[in-house]
Amino acid sequence: MTYSLVCGAEIHVELRTQSKMFCGCKNDPFGAPNPNIYTCPVCLGMPGALPVPNKKAIEDCILIGLALNCQISEVSKFDRKHYFYPDLGKGYQISQYDEPFCVGGYVDTSFGRVGITRVHMEEDTAKLHHETVNGEKVSLIDFNRSSVPLVEIVSDPDIKSAEQAKEFLKKVRDIVRALGVSDCDMDKGSMRLEANISLAPVGADPSVRPPLPPYKVEVKNINSFRYFANSIEYEMKRQEELLLKGSTPKQETRGYRQDGNRTESQRGKEGAADYRYFPEPDIPPFRISREMVQDIAQRLPQLPEAIIAELIGYSIPESTARVLTGDNAALAYIREINKLDPKLSPKVAGAIANKKIDITKLLPSDYVKEESTKAADKITDVAELTKLVESVVTANAQSITDYQAGKQNALGFLMGQIMKTSGGKADTTIAKDILTKLI
Amino acid sequence: MSIKDLAAKIKNKNITPAQLVEEAYTNIQRSEDQINSFITLRPKSDVLEELAKLKPSNSPLYGIPYVLKDAYATKGIQTTTASNILKGFVPTYSATVYKKLQAAGAILIGKCNQDAWGHGGSTENTDFGVTHNPWDISRVAGGSSGGPAAAIAANFCTFAIGEDTGGSIRNPAAWTNTTGLKVTYGRVSRYGAIAYASSFDTVGPMAKTAEDLAYILSTIAGVDPYDATTSPTPIDDYLAHLGNDLAGKTIGVPKELYGDGLDSEIKAAIMSAIEKYKEMGVKIIEISLPISEIGLAAYYLIAPSETSSNLARYDGIRFGQGRGEFTQETIRRIMIGTYALSAGYYDAYYRKAQKVRTLLVRAYEQALAGCDALIMPVNPTMPPQIGELISDPLSNLLADVYTTSINPVGVPSLALPAGFSKSGLPIGMQLVGKKFSESLLLNLGYQYQQVTDWHTRSPKL
């Protein structure tokens, strides 16, 4: 029997609002020079303190939902999610349970559509530091991160391969970055990933989604797209072995270990938390008007797919365009170049993608000037170039044979030789034209 | 003396705030040993020092000594909510209600006893010793705001801020011959009030008269940017409404609440009060409000559910003592609430209780559709002997039968003195109104207190 992957992703994104989710404290946990400086009774969970929701954060959450093609709920509310951990000052996290702000969206990948189950708003926890102070092992709590706005994006179990997972996650990150609401920096923890992985027997019709398997393995501790893909591959192998032996993998939470590129069991079903969700009584429910949604939709910028289409329109190869979508500074630079000299767009895009130029140090107008100076030195004379090409062809007979045998990369080698011989001055377009005609 | 008279005397320099403070401490020194109303009595020197720094103002509360239930965060002053968990805990910030009173020039002399976390109706569930009823020190003062009520009755202060989640202001007011207002949910900020059950908790004034309450409410009511549940509904001019003609107003008498289980002397006292209202031109109608049983059931599922969540933060990691310090009554409520919210039981308990809450809201809407206010008992019995309620958890819950259904609905209720038993114990009644009808309730109380003198009587201490 063969099995296919059934995988959904949970993506946490820290919003970069000025203030925290439920108080006025500064939201800059990563930039804070000292622990516990951006705190108040509310985010410390002191007796009597009350949460007041951050309107901007809710708008940003809805904006993410809109960008992921979600429906925006007309009625929504916050709930309390209870669990005990020292980094959770109140003993519960304010989150959303059964009425999230956004539901039912999707992201298209080249492997097919991945549904977005929900996008909801919650608060981040404080951060524990395990250190040795005066020879004694201690655990310290830094509340700078406590109550930082956190958006959770949950996908449907539509991911069918590790490759698709990577593409999907990257698309989501690029979309959220394009919205300007989060850095999505996995090193800083402003984007965090969890995978739900199981395997289902392949049915007769592969286009029909198989029924959900009777178990689910949740993998935490993933801080890169590659690790996400790795954990899928590892789990697929591990679970398949169990299934082929006739046993059902345990429903459990596992942690990804990057040292051995594997996952390991953290908590079984018996240890699963009962979060005792109930509506947060300190925050009245929300009625989200269509006008409010329309106002937020006004903030929707051009999204990555539209940006790629725009760049392709500038004759920039799609592969280069994909690299650049998340980089707003690069996009602005390319657009400026395209205005000044459209012919240079593909070149500058390639240079930026390959980190060949530092756009913070070179004005677009200076780039255009430099390029036109270089172009003036170019050998464009056909007769002169033909001579040059002929000499290269004569000197590299083996490459000609290779090329004629169908080895495309021989052409690249020959072009390289032409550029080398000309001291980099040969006009590549014309030279290439001459070369292909010649051989 | 009323706040109105005190304010006038202070303004005319017939009396100084320092003299009021001296008088309060004299009374406290004389009788506090018998009453035990305070958890933290501020040193008189601190209070006088604060007073000396205070700029005299025209605020009617300027220089008036008052107390807070110990459920309010007070920067620099111990705040325990009567639990050993928070013994020695000194907040780094102040509750909004405390700040507003500070700004109005009122003088805090101490923090008063209560049932820990609001869990109780007798101020016996406290780690700081039971509060005794000034009218009979062998009896409880009620609760959970028993300390503040006793302090007012014993003339230790002019007014207090209590907190009412299921009767915690009204119950002790009725048993101590004081007047207390459970405000409409959202009328007064809860910021800094240590939560019992967040969707029921209300911050309200306690004093000798409805008129005093009008002065206090004018100071503490209103929207607070720190409490998302405060209402933008404009604040009435509560004082201006006092004395408005009551002719044409209608008071409903819910017949179910005057049946079995109600002490006959309490019933008789309220019936006489009804006669007084008739004399003032108020129309009295009998109505049906068949809610007391479901009200109690819904209350004792939702309130413990919320309290099990609200008390999760008291883990002893960052402040206060560990969970071993919770009392049996509090542990019981945490356990009930945790159970009601657990997976598999949520629908049968918490969700069902919320549905009942909706029924309660409708029942009150219907009852109040045909009248302006309801007149109801506060307590089914006279104040019990100390030890009676705490040893019998179920009667302890039943003592709240007339008060608890109000909080899930969110409407306001004024508890005020309605007479005395033959044995000399105070009897209270409550007037329940529509949401944000505090001005009417205070006027109803004010007018009744113009033609009766129960509220003027003081216990012999």
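Nothing in this text is a laboratory measurement; each read-out follows from the coordinates by a stated rule. Because the structure is a prediction, the values reported are computed rather than measured. Neighbour counts are summed over all protein chains in view; Cβ atoms, including those assigned to glycine, are modelled from backbone coordinates with ideal geometry.
Summed over all non-identical Cα pairs, the Kirkwood treatment of the range A:302-377 gives a radius of 12.3 Å. Considering only the Cα atoms of the range A:216-310, their convex hull presents on average a projected area of 11.8 nm². With distances taken between every two different alpha-carbon atoms, the range A:156-208 has a Kirkwood hydrodynamic radius of 13.2 Å.
Can you check how the C-alpha radius of gyration of the range A:382-438 compares to 2.2 N^0.38 Å, as a plain ratio?
Normalised Rg, Cα atoms only: 1.01.
The share of Cα pairs per 10 Å bin across the protein assembly as shown, counted from zero up to the longest distance, runs 2, 11, 17, 18, 15, 12, 9, 6, 4, 3, 2, 1, 0 percent. Helices in chain A that qualify as membrane-span-like (whole DSSP H runs, Cα extent of at least 24 Å along the helix axis, mean Kyte-Doolittle hydropathy of -1.0 or higher) are A:162-179, A:225-244. Note on B:K13: aspartates and glutamates with a C-alpha under 14 Å away, same-chain residues under 8 apart excluded, are B:D5.
Averaged over the residues of peptide B:308-318, the number of Cβ atoms from other protein chains lying within 10 Å of each residue's Cβ is 6. The average projected area of chain A, computed from the convex hull of its Cα atoms over all directions, is 29.8 nm².
Between amide H atoms placed 1.01 Å from N, distances below 5 Å from A:F278 occur with A:R80, all of them 5 or more places distant or on a separate chain.
What does the structure give for B:70-83 when I average, per residue, the other chain Cβ atoms found within 10 Å of the residue Cβ? Don't skip to the end; give the middle numbers.
Working: counts 0, 2, 2, 5, 1, 0, 0, 0, 0, 2, 1, 2, 0, 0.
That average works out to 1.
The ellipsoid that matches the Cα gyration tensor of the range A:1-139 has semi-axes, each √(5λ) in whole angstrom, of 32, 21, 15, with the longest given first. Taking every DSSP helix (H) stretch of at least 4 residues in chain B, weighting each as -39,500 (n - 2.57) and dividing the sum by the residue count yields a mean residue ellipticity at 222 nm of -11000 deg cm²/dmol. The packing ranking, built from the mean of other Cβ atoms within 10 Å per residue, places the peptides A:401-414, A:302-315 in the order A:302-315, A:401-414, highest first.
No disulfide-compatible partner, judged by a Cβ distance under 4.7 Å, exists for the following cysteines of the protein assembly as shown: A:C7, A:C23, A:C25, A:C40, A:C43, A:C61, A:C184, B:C112, B:C157, B:C371. Between the range B:404-461 and the range A:101-143, what's the alpha-carbon centroid distance in Å? Each part reduced to its Cα centre gives a spacing of 52 Å.
How high is the relative contact order of chain B, in percent, with contacts defined as C-alpha pairs under 8 Å that are six or more residues apart? Could the numbers behind the result be given before it?
Working: 1117 pairs, mean separation 82.7, N = 461.
About 18 percent, as a whole number.
Taking 1.567 mPa s as the viscosity and 4 °C as the temperature, the Stokes-Einstein diffusion coefficient of chain B based on its alpha-carbon Kirkwood radius rounds to 60 µm²/s.
I'd like to compare A:387-398, A:59-70, A:120-131, B:409-420: which one has the highest average count of other Cβ atoms within 10 Å, and what's the full order after that?
Details: A:387-398: 15.2, A:59-70: 23.7, A:120-131: 18.5, B:409-420: 26.3.
Ranked from most to least packed, the peptides come out as B:409-420, A:59-70, A:120-131, A:387-398.
Can you pick out the pairs among B:K4/B:K249; B:K55/B:K100; A:K81/B:K355 whose Cα atoms lie more than 18 Å from each other? With Cα atoms farther than 18 Å apart: B:K4/B:K249; A:K81/B:K355. In summary, the range B:90-152 shows an alpha-carbon radius of gyration equal to 1.25 times the 2.2 N^0.38 Å reference for compact globular proteins. Among the residues of A:38-46, the average count of other protein chain beta-carbon atoms within 10 Å of the residue beta-carbon is 4.
Taking N as the number of residues in the range B:1-122, what value does Rg over Cα atoms divided by 2.2 N^0.38 Å take? Don't skip to the end; give the middle numbers.
Values: Rg = 14.9 Å, N = 122, 2.2 N^0.38 = 13.7 Å.
Rounded to two decimals, the normalised Rg is 1.09.
Legend: ranking of residues A:F22, A:F278, A:F225, A:F30 from fewest to most surrounding C-beta atoms inside 10 Å; resulting order A:F30, A:F225, A:F278, A:F22.
As a rough guide to protection, the peptides A:185-193, B:88-96, B:451-459, A:8-16 ranked by mean Cβ packing within 10 Å, highest first, stand as A:8-16, B:88-96, A:185-193, B:451-459. With 18 Å as the limit on Cα-Cα distance, the pairs of B:K208/B:K460; A:K220/A:K250; B:K283/B:K422; A:K166/A:K220; A:K347/A:K374; B:K182/B:K255 that go past it are B:K283/B:K422; B:K182/B:K255.
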